[in-house]
Amino acid sequence: FDLVIFQDFAYRPYRMEGYLPNLREYVKNGGAFVMIGGTNSFGEGGYPSSPLAEVLPVDAVGVPPDERPFAPRLTADGLRHPITQLASSAEANQQIWASLPQLPGIHVTRAKEGAQVLLDHPHLTVGGANAPVLAVHEYGRGRAMALTTDASWYWSLVAAGQGGSPRAYERIWSNAIRWLVRDPELTPVRIEAL
């Protein structure tokens with residue numbers, strides 16, 4: 001596999017505990033992993049006590065999901081990261097993000113040290129920082145991403161229902177997959193004059 005995605009996945013009923021250390025090693029050795037919110041994700045899914053807790057760029061904080069609608073905010077890291085680049089100019093990119101429909105809630109988590117928070121909650125704070133909505137980090141030689149909502153599809157279906165386009169949603173996921181699997185086109189190049 002190039003990428004493993006858990007969306008609202010309860011590993012316990014399927015007796016998957018024995019496979020989770022292998023998944024951790026897969027990411028550590030260069031694989032990619034994404035956890036997307038849902039009833040069985042993050043803290044509610046029992047992941048804080050699992051081997052995947054190390055892999056994720058966020059930690060669950062032991063509180064129930066916040067179900068109030070909100071519009072995620074593009075962070076300073078998000079302004080520059082390939083995943084959240086939906087337009088070629090910074091101004092157009094911010095306009096697209098500002099035009100997307102609100103999301104109906106998130107899992108409350110805290111970003112780990114060294115993680116990049118690309119989108120955060122504009123009002124909900126955890127330990128003095130805004131709660132992450134989209135966070136990434138490198139784990140060993142691999143990469144991991146946490147999307148703390150299970151409603152990113154609002155950016156497609158609800159946007160289209162409001163007369164908008166699903167292109168932003170498609171671009172977000174295309175960018176995310178390309179970044180996670182280290183698509184060479186997304187690798188920054190550094191040039192030094194001699």
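Table for the structure above
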quantity	calculated
Selected residue (only one of VAL126, VAL133, VAL181, VAL158 is more than 23 Å from GLY31 (Cα to Cα) and touching a residue at least 60 places away in the same chain (Cβ under 8 Å))	VAL126
Only one of ALA193, ALA160, ALA146 that is of a type in the set (Gly, Ala, Ser) and either open to solvent by less than 20 Å² (accessible area, probe 1.4 Å) or assigned to a strand (DSSP E or B) (or both)	ALA146
Which numbered condition MET145 fails, given (1) under 16 Å from ILE83 (Cβ atoms); (2) at pLDDT 90 or above; (3) more than 12 Å from the chain's Cα centre (by Cα)	(3)
Single residue of ASP77, ASP66 found to be under 26 Å from ARG171 (Cα atoms) and of a type in the set (D, E, K, R)	ASP77
For PRO72: the one exception among (1) under 23 Å from PRO122 (Cα atoms); (2) out of contact with any helix residue (DSSP H, G or I) (no Cβ under 8 Å at 6 or more places or on another chain)	(2)
Selection count, segment 82-126, where residues are in contact with a Leu (Cβ under 7 Å, 6 or more places away or on another chain), within 22 Å of GLU54 (Cβ to Cβ) and of a type outside the set (Val, Ile, Thr)	1
Test: TYR169 is closer than 15 Å to THR84 by Cα, at pLDDT below 95 and part of a helix (DSSP H, G or I)	yes
Count of residues meeting criterion [in contact with a Lys or Arg (Cβ under 8 Å, 6 or more places away or on another chain) and polar (S, T, N, Q)] in segment 116-169	1
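The values are calculated or read from the model by the stated rules, or taken from the named source; none is laboratory data. In this text, all values refer to a predicted model and were calculated from it rather than measured experimentally. Quick reminder, even Gly has a Cβ in these numbers, built from the backbone with ideal geometry, and neighbours come from all protein chains shown. These accessible areas exclude ligands, DNA and RNA; they are computed on the full protein's heavy atoms, side chains included. Shrake-Rupley method; radii C 1.70, N 1.55, O 1.52, S 1.80 Å.
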